[in-house]
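Below you'll find the structure, written out as structure tokens, and then a few comments.
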Amino acid sequence: MVTVNTGGSRRFENKIAVVTGAAQGLGRATALRLAAEGAKVVIGDRVREQADKVKDELAALGADCRVVMADLETWKGAEHLMAEAHAAYGRIDVCINNVGGTIWAMPYHEYEPEHIEKEISRTLWPTLWGCRAVVPYMVRQKSGAIVNIGSVATRTINRVPYSAAKGGIHAITVCLAFELVEHGIRVNCISPGGIDVGVRAIPRGPLPQTEQEIAWRKQMIARDMQDTPMKRMGKPEELAAAVAFVASDEASYMTGEIVDVSGGCTGRI
């Protein structure tokens with residue numbers, strides 16, 4: 001049985017929340033947190049089996065939830081997700097753009113061009129498309145909270161394309177916040193450090209990795225821990241708590257913020 005420590009809070013009672021990439025990791029933890037606080041949750045993902053498992057977990061918490069299958073690296077996928085969410089519930093109060101993640105870790109000159117394109121497609125486009133797809137609904141209702149997931153990896157090694165994409169998400173957040181404030185919409189970004197999600201149910205990259213790829217990834221992780229004062233990785237639940245705060249009405253005076261949740265490591269440049 002899934003339990004979520006919310007301190008008894010019900011900040012999202014009867015609110016409609018779309019969470020992308022909710023089939024595992026931070027997305028799953030965020031969906032569980034919002035549902036435990038009363039939200040009706042739309043899970044946007046492209047892996048049916050894992051998404052259905054999360055739906056069952058949310059239902060066990062008593063949440064009204066549904067799954068929408070969508071390829072969120074594409075405009076059509078993002079458009080479909082938001083349209084389905086709005087058709088089901090009549091509004092979208094919260095949108096968490098979570099899809100993304102490092103596929104390869106290696107020195108930049110070792111990336112093939114197709115690797116670079118794939119990293120950008122995986123991490124930048126889902127947030128860019130997700131924002132574009134959800135904003136019209138929020139503009140019409142004159143309210144909403146968007147939380148994008150950035151990363152402190154904008155200051156790291158061995159993942160330049162991913163870092164560039166996350167830097168883009170930081171820029172999307174700030175610029176869109178300026179545009180949407182007059183419509184009553186807040187846009188913020190949670191910028192995680194290293195997160196321990198255990199063994200991923202859905203691997204990000206091709207397996208198995210070569211010994212050299214494993215060495216490059218270890219080098220990257222060691223550098224990240226060196227720059228993290230707490231000297232540990234975060235838990236998905238710790239990130240989800242921060243996402244929930246920023247998405248809630250308690251953060252009503254916050255917009256355009258990049259909030260590092262990273263054990264003291266900062267990725268801003």
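The values are calculated or read from the model by the stated rules, or taken from the named source; none is laboratory data. Given the structure is predicted, the values throughout are model-derived calculations rather than measurements. A quick note on method: Cβ atoms are made from the backbone with ideal geometry, for glycine too, and the neighbour counts reach across all protein chains shown. Heavy atoms of the whole protein, side chains included, go into the accessibility calculation; ligands, DNA and RNA do not. Shrake-Rupley method; radii C 1.70, N 1.55, O 1.52, S 1.80 Å.
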_Just the number please: accessible area per residue for the chain, 1.4 Å probe, all protein chains included, in Å²._
46
*asked:* As a test of the formula, what do you get for the chain when each DSSP H run with n ≥ 4 contributes -39,500 (n - 2.57) and the sum is divided by the residue count, at 222 nm and rounded to the nearest 500 deg cm²/dmol?
replied: -14000 deg cm²/dmol
*asked:* Over 22 Å between Cα atoms: which of LYS53/LYS142; LYS166/LYS218; LYS40/LYS166; LYS53/LYS76; LYS15/LYS76; LYS76/LYS118 fall into that group?
replied: LYS53/LYS142; LYS40/LYS166; LYS53/LYS76; LYS15/LYS76
*Would you kindly calculate the translational diffusion coefficient of the stretch 37-108, applying Stokes-Einstein with the Kirkwood radius from alpha carbon pairs, for 10 °C and a viscosity of 1.306 mPa s, and quote it in µm² s⁻¹ without decimals?*
117
*Over the chain, what is the mean sequence separation of C-alpha contacts under 8 Å (at least six apart), divided by residue count, expressed as relative contact order in percent?*
20
*Starting from the exponent 0.38 and prefactor 2.2 Å, build the expected Rg for the stretch 1-129 from its residue count and divide its actual Cα Rg by it.*
1.13
*Taking Cα pairs under 8 Å and at least six residues apart, what relative contact order does the stretch 187-249 come out at, in percent?*
58
*Each residue of the stretch 19-32 in order: what ³J(HN,Hα) in whole Hz does its phi give by Karplus 6.51 cos²θ - 1.76 cosθ + 1.60, θ = phi - 60°, with x for Gly and Pro?*
10, 8, x, 8, 6, 6, x, 4, x, 4, 4, 5, 4, 5
*Tilt relative to the chain, helix 125-141 - C-alpha long axis, 0 to 90 degrees, to 10*: 20
*Quick one: if you take sqrt(5λ) for each eigenvalue of the C-alpha gyration tensor of the chain, what semi-axes come out, biggest first, whole angstrom?*
28, 20, 19
*asked:* Counting only Cα atoms, I'd like the Rg/Rh figure for the stretch 155-267, Kirkwood definition for Rh.
replied: 1.02
*Relative contact order, percent, of the stretch 92-168 when contacts are C-alpha pairs under 8 Å separated by at least 6 residues?*
48
_Among 259-266, 83-90, how do they line up by average Cβ neighbours within 10 Å per residue, starting with the highest?_
259-266, 83-90
*Give me the percent of the accessible area of the chain that comes from carbon and sulfur atoms, probe 1.4 Å, all protein chains in place.*
53
_Long-range HN-HN contacts of SER262 with modeled amide H, under 5 Å_ = GLY193
*Picking from ASN158, ASN148, ASN98, which is most flexible by a Gaussian network model of the chain using Cα springs under 10 Å?*
ASN158
*Output the peptides 170-180, 119-129 sorted from most to least packed, where packing is the average of other Cβ atoms within 10 Å over each peptide's residues.*
119-129, 170-180
